[in-house]
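Student: Please find one structure pasted underneath; my questions will follow.
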Amino acid sequence: MLKIALESLGCSKNLMDAEIMNGILIEKGYEFTDDFEDADLIIVNTCGFIKDAKQESIDLIVELSELKKEGKLKYLIVTGCLAQRYSDELLEEIPEIDAIVGTGNFMNISDIIEKVEENKKVNETGNIEFAFDETLPRYVSTPDYMAYIKIGEGCSNHCTYCIIPKLRGKYRSRKFEDIIKEAEKLAADGVKELVVIAQDTTKYGEDLYGESRLAELLDKMAEIEGLKWIRVMYSYPESITEELVNVIAKHDNICSYFDMPIQHASNRILKLMNRKTSKEDIRAKVEMIRAKIPDAVIRTTVIVGFPGEEESDVDELVDFIEEIKFDRLGAFSYSREENTPADKMEGHMEEEIKEERRARVMMAQQRISESLNERKIGNIYEVLVEEQVEDNIYTGRTQGDAEDIDSIVYINSDEPLEIGDFVKVEINDSMEYDLIGDVIYESAK
């Protein structure tokens, strides 16, 4: 049997597709390796969302294609969003690629491998609005204590800068009972942190049941034994309801964490982006969340350099950020993507201007984050231990920090700590984004 290496780039939704491919191939008896140079076949699960992500995917494909010339690599398969978006171009420009597999075809990976072993070139990119097959196996590749759970696929929001609907299709919710069944299995397997994902989690159920059922879904998940943290990602502000906030407030094991991408605060730019909200609505939503959950952590993302954006729009955005004081914020320079409505707009600007604006926003957020962190000195937080970095020094996350994208806590402990355990930590110092503290008593698993 072939020895396979699989590398997944991009978002957590993409990672879950890779985990299903992994599960399918493990069931078929394939062996996996983490060493590219030891692999007979490499699968690159790509991201095609914005320029930097596309370039990362292309660079890795080109690098791995060299292994077909000088190493033992026999086959190179490219899957994911970049494959869906540029299938013909990739096959033409990088002849070492043996198969292109689109976002709706990854579940056929075993059959595709059989075809490439017969020296056939494969290009399968149809079926982006596939129906969920709940029988497919999944190999969870995240640490034992955490896992993602996808509640929907695709997106129907049609923001003018975004290519996702053309790569992933319209929004399709999974069945309520199938999600709960998977969540129960993950908890039984030892998962303590369950991260709920979709392109827009707040739209869950609207297509299938005629109404959003995210609040009901979380209410049911919270009853599952063993789940200590349930974290919801990608919640659009206009769809965060009082019902949803009330459910989050009701359960200790649902993180009081709101990942709420606002993208801008200028109503003019929000309209050009086809966002279904306004600065005033966003402010009211934040006030509602904080009134119901005073210690809620609110994370957001913004885009600067959108076509037609003026300095006054950036001023308005920075003023809004300084007013709201988001707990976490990431800023991105607008990425011009062909076949999107924004691509055809007037007022595109040089990358240097976009980067200057992004730096200005992040400098404002750095000051806010530093100030917020200083106020946390003396507080005690429950921290999930994730890594040992030195003798007696570990890193971990609070309930207010999502994996990979948010801050960390440096934990000083005289006693050994187990990765995946929860410990109480008293904060005694802070940095711009991260915290430092000491364990104050034994692990509360």
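The values are calculated or read from the model by the stated rules, or taken from the named source; none is laboratory data. Note that the coordinates shown come from a computational prediction; the quantities given were computed from them, not determined experimentally. Neighbour counts run over all protein chains shown; Cβ positions are idealised from the backbone, glycine included.
Student: Here is a check on your reading of the model: is D401 outside the structural domain of I298 (by TED's automatic domain parsing), under 25 Å from S12 (Cβ atoms) and either modelled with pLDDT of 95 or more or outside any helix (DSSP H, G or I) (or both)?
Tutor: Yes; evaluated as a whole, the condition is true for this residue.
Student: Out of the stretch 1-25, which residues are touching a strand residue (DSSP E or B) at 6+ places or on another chain (Cβ under 7 Å), farther than 30 Å from T340 by Cα and in a helix (DSSP H, G or I)?
Tutor: Across the stretch 1-25, the qualifying residues are N22, L25.
Student: Also, quick follow-up: Given the stretch 45-124, what helices (runs of 4 or more DSSP H) lie entirely inside it while holding 2 or more residues that are within 26 Å of C155 (Cβ to Cβ) and polar (S, T, N, Q)?
Tutor: 51-70
Student: Can you pull out every residue in the stretch 125-166 that is closer than 25 Å to Q263 by Cα and in a strand (DSSP E or B)?
Tutor: If the condition is that a residue be closer than 25 Å to Q263 by Cα and in a strand (DSSP E or B), then Y148, I149, K150, G152, E153 are the ones that fit.
Student: Moving to a separate point now. Assess whether S65 counts as being crowded, with 21+ Cβ neighbours inside 10 Å and either in the same structural domain as E351 (by TED's automatic domain parsing) or of a type in the set (S, T, Y) (or both).
Tutor: no
Student: Continuing with the same structure: Consider only pairs whose beta carbons are under 9 Å apart and that are at least six residues apart or on different chains; among these, list those whose first residue lies in the stretch 129-150 and is more than 21 Å from F32 (Cβ to Cβ) and whose second residue is assigned to a loop (DSSP other than H, G, I, E, B) and acidic (D, E).
Tutor: Cβ pairs passing all conditions: Y145/D421.
Per-residue answers, yes or no, for (1) within 24 Å of the chain's Cα centre (by Cα); (2) under 30 Å from R85 (Cα atoms); (3) touching a residue at least 40 places away in the same chain (Cβ under 8 Å):
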{"position": "I289", "(1), (2), (3)": "yes, no, yes"}
{"position": "T301", "(1), (2), (3)": "yes, yes, yes"}
{"position": "E309", "(1), (2), (3)": "no, yes, yes"}
{"position": "V314", "(1), (2), (3)": "no, no, yes"}
{"position": "E322", "(1), (2), (3)": "no, no, yes"}
{"position": "D327", "(1), (2), (3)": "yes, no, yes"}
{"position": "E338", "(1), (2), (3)": "yes, yes, no"}
{"position": "E350", "(1), (2), (3)": "no, yes, no"}
{"position": "R360", "(1), (2), (3)": "no, no, yes"}
